[in-house]
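Shown next, in structure tokens, is the structure this report addresses.
The values are calculated or read from the model by the stated rules, or taken from the named source; none is laboratory data. As the structure is a computational prediction, the values presented were derived from the model and not from experiment. We place every Cβ from the backbone using ideal geometry, glycine too, and count neighbours over all the protein chains shown. The area values use the complete protein model at the heavy-atom level, side chains included, leaving out ligands, DNA and RNA. Shrake-Rupley method; radii C 1.70, N 1.55, O 1.52, S 1.80 Å.
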Amino acid sequence: MDILRVENLEKDYEARAVGPVSFRLRAGEIGLIVGGSGSGKSTVLDVLYGTKRASRGSAFLCVGDGQRDLFDISVAELVSIRSVAIGYCTQFLPAIPGKLAADLANEAAYAETSSADITELLDRLALPQRLWNLPVSSWSGGEKQRLNIALAALRKPALILLDEPFSALDEALHPVVWSVLSALADEGSAMLIGVHKASSYTAGAETLVALD
Ligand SMILES: Nc1ncnc2c1ncn2[C@@H]1O[C@H](COP(=O)(O)OP(=O)(O)OP(=O)(O)O)[C@@H](O)[C@H]1O
């Protein structure tokens, strides 16, 4: 089943930045948007999340029993759809001063998620306990990036957008993060990941959009 169907997405700034781009993403599929710096990966993810407006095109997302065009809905409906169906891991976690990882994780998790499950996930992502009671604003870039992924993994939305999820991580952590993303896909979340290039650890993910 297609969870997302994008048709002729275009984004212009002063000049054309992206498109037209069309692709489909199935439930449980990991799809890549591949392209060099400045090719438009973040722009595609931003317009799907609604932080930027598409200039033309459609993006049909399965919501409940129907489909909604993310480019043709009210702000209120977009906010409501995001809260249940879309997660966005940007390259940088906008940390609220004073917020602890434990607070963020508890807010993201469903009521039935046990604290042992949260602990296990943070451990798997190599986020040791010594960090949990430190404000997230003091964490390193790579630690924040992994926490962002942990928060998405706890929410398990139908669609997760990830912008360069490996950019601040050393190579040893790439398969660690990939295994968490693969497990999420196995549970049914579809993922769209912007990366500079496909690599060995992204094996199994299809390149849906090649930009340049
Ligand atoms: N608000 C804006 N106004 C004008 N041009 C913009 C704006 N935002 C992005 N661009 C341009 O659009 C193009 C695509 O940018 P985008 O950030 O999507 O690229 P990217 O592939 O994600 O790059 P990177 O890998 O470096 O993060 C770039 O040339 C960028 O300068």
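Computed values, structure above
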item	result
Per residue accessible area of the chain, 1.4 Å probe, in Å²	47
Solvent accessible area, Å² - Thr119, 1.4 Å probe, full protein context	40
Mean Cβ neighbour count within 10 Å, used as a protection proxy, ranking 149-157, 122-130 highest first	149-157, 122-130
Relative contact order (%) - the stretch 2-210, alpha-carbon pairs under 8 angstrom, separation at least six	31
The stretch 48-107 pair-distance distribution - Cα-Cα, 10 Å bins, rounded %	18, 43, 27, 13, 0
Over the stretch 2-210, equivalent-ellipsoid semi-axes from the Cα gyration tensor in Å	28, 19, 17
Extension gain (nm, one decimal) between Ala168 and Glu107, 0.36 nm per residue minus Cα-Cα	19.5 nm
Apportionment of accessible area to carbon and sulfur, the chain, percent (1.4 Å)	51
Straight-distance crosslink candidates among lysines, where the alpha carbon sits under 17 Å from Lys99 and sequence neighbours closer than 8 are dropped	Lys144
Trypsin sites (Lys or Arg not before Pro) lying in DSSP loop within the stretch 29-76, provided at most 14 other Cβ fall within 10 Å	Arg53
Distance histogram in 5 Å bins (all Cα pairs of the stretch 1-67, percent per bin)	4, 16, 27, 26, 17, 7, 3, 1
The stretch 91-203: C-alpha gyration tensor shape, a/c 1.5 cut-off, then a/b vs b/c	oblate
Extension reserve of the Arg56-Arg26 stretch, reckoned as 0.36 nm per residue once the Cα distance is removed	8.5 nm
Cβ-placed point charges (K, R +1; D, E -1), dipole of the stretch 106-196 about Cα centre in debye, nearest 20	160
Nearby lysines by direct alpha-carbon distance to Lys11 (threshold 27 angstrom, same-chain neighbours under 8 apart not counted)	Lys41, Lys52, Lys197
Calculated FRET efficiency for the pair Ala210/Val176, C-beta based, R₀ 25 Å, to 0.05	0.40
Approximate spin-label separation Lys197-Ala76, in nm, with each point projected 7 Å along Cα-to-Cβ	4.9
Extension gain (nm, one decimal) between Gln67 and Ala183, 0.36 nm per residue minus Cα-Cα	39.2 nm
For Leu125, net neighbour charge (Lys/Arg +1, Asp/Glu -1) across residues whose Cβ lies under 12 Å away	0
